[in-house]
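**Q** Before I ask anything, let me first share the structure, which is written out below as structure tokens.
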Amino acid sequence: MKLRLPPFKLSPSNLAYVRQSWWKILAMGILLAVGISLFPTAYCVLADCGVKDKWCNGDCSQTCGPTHGLGVVVGCSRGAYGCVQDWIPDAWGMRCTNSDDCAITECASTPPGYGCYIVSDGYWDVGKCSAYPSCRREDRVIPESCCLSGGPTPCPESGPTITNAALQPTPEYPLVLGQDPDRRGITINGITVTAGEHDCRTGTISAVSVSIRLSSASVSWINGELARKYPGAHVKGTYPITPVLTTTGLNTATAVTSFHFEPLDPGDYEVTVTATQDDGQTAVKVFTVHVALYESTITH
């Protein structure tokens, strides 16, 4: 036996109301759609995403879950030229257990022999080293959460710096090699390079390089004005020069490099120093060293 329902019909009074108010119903639908698109939190409520999701982001674009890859400086020691950090990357997993937010509340995993570095709900002690030579571990607390799409709270990031304002050559006023009776060349000592920060810790200097070339203005002067006064004058050196470096402090926060080269030509030498730290960030600085030519000693 089949149950048959009578056809649905609007009464004359209801049909008249719909005919008169259709534009109001349409306007209400449009306003509702616009309101949902303009107010993500309204969408979130209607879509019933969890309270933690709304804490991460009102439009439900982030979710709350376990975090991974939190590192920490567990200790510092004094090296020959700087502080050496005992850094454990990607070691701690975190959980968020509060029902009303995504702040970290407990360690999900802990390496053997080390404690959990949660300071309080939502705060993580990544640690840092005090200035050389004391090199003590000090607290460095950052906010942290389990918002998955956002990841851990960004830490400050900076590249290495080359701290010398100018180079101090030895001898102080160098001559071209052919005019120096002692043929000393030029020695540069003490170019200091300091690492910046990344991954919530101080980086280390992984490489230092130096390239030397005669400036374009000096080449033009030798080939032009000097050659007109002294026929046969020409650029003698081959550039760029890549000197052999003596570098200390690599793989620490501070490195110092020195080198020697022999200037065959007079003019301004552009000394380009490039420093690279362990995360690949680089710094480049160009210094100028002037080499004199005593024209009074030149014979035609």
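**Q** Can you tell which of Ser130, Ser120, Ser99, Ser134 is of a type in the set (S, T, N, Q), modelled with pLDDT under 75 and not assigned by TED's automatic domain parsing to the domain that holds Leu214? It would help to see each step written out before you state the result.
**A** On the way: Ser130 fails: modelled with pLDDT under 75; Ser120 fails: modelled with pLDDT under 75; Ser134 fails: modelled with pLDDT under 75.
One residue alone meets the criteria, Ser99.
**Q** Going by what's in this entry, would Val284 be described as part of a strand (DSSP E or B), crowded, with 20+ Cβ neighbours inside 10 Å and not hydroxyl-bearing (Ser, Thr, Tyr)? Full working, then the answer.
**A** Details: part of a strand (DSSP E or B): yes; crowded, with 20+ Cβ neighbours inside 10 Å: no; not hydroxyl-bearing (Ser, Thr, Tyr): yes.
Against the criterion (part of a strand (DSSP E or B), crowded, with 20+ Cβ neighbours inside 10 Å and not hydroxyl-bearing (Ser, Thr, Tyr)), Val284 does not qualify.
**Q** Here's another thing I want to ask about it. Whether any residue in the stretch 188-196 is in contact (Cβ under 8 Å) with a residue 60 or more places away in the chain, assigned by TED's automatic domain parsing to the domain that holds Ala292 and farther than 18 Å from Val284 by Cβ is what I want to check.
**A** Looking through the stretch 188-196, at least one residue is in contact (Cβ under 8 Å) with a residue 60 or more places away in the chain, assigned by TED's automatic domain parsing to the domain that holds Ala292 and farther than 18 Å from Val284 by Cβ.
**Q** Something else about it: Among Val244, Val273, Val286, which is the only one that is among the β-branched types (Val, Ile, Thr) and in contact (Cβ under 8 Å) with a residue 24 or more places away in the chain? Talk me through it step by step, then tell me what you get.
**A** On the way: Val244 fails: in contact (Cβ under 8 Å) with a residue 24 or more places away in the chain; Val286 fails: in contact (Cβ under 8 Å) with a residue 24 or more places away in the chain.
Selected residue: Val273, the only one of Val244, Val273, Val286 that is among the β-branched types (Val, Ile, Thr) and in contact (Cβ under 8 Å) with a residue 24 or more places away in the chain.
**Q** Moving to a separate point now. Do we find that Cys76 is modelled with pLDDT under 80 and of a type in the set (A, V, I, L, M, F, W, C) in this structure?
**A** So Cys76 does not fit the description; no.
**Q** Here's another thing I want to ask about it. Quick one: how many residues across the stretch 236-250 are under 15 Å from Thr194 (Cα atoms) and either more than 29 Å from the chain's Cα centre (by Cα) or loosely packed, with under 15 Cβ neighbours inside 10 Å (or both)? Give the steps one after another, and end with the answer.
**A** Initially, the stretch 236-250 is screened for residues under 15 Å from Thr194 (Cα atoms), giving 247-250.
Subsequent filtering for residues that are either more than 29 Å from the chain's Cα centre (by Cα) or loosely packed, with under 15 Cβ neighbours inside 10 Å (or both) retains 248.
Of the residues in that region, 1 qualify.
The values are calculated or read from the model by the stated rules, or taken from the named source; none is laboratory data. Worth saying up front: this structure is predicted, and the values here are computed from it rather than measured. Cβ atoms come from the backbone with ideal geometry, glycine included; neighbour counts cover every protein chain shown.
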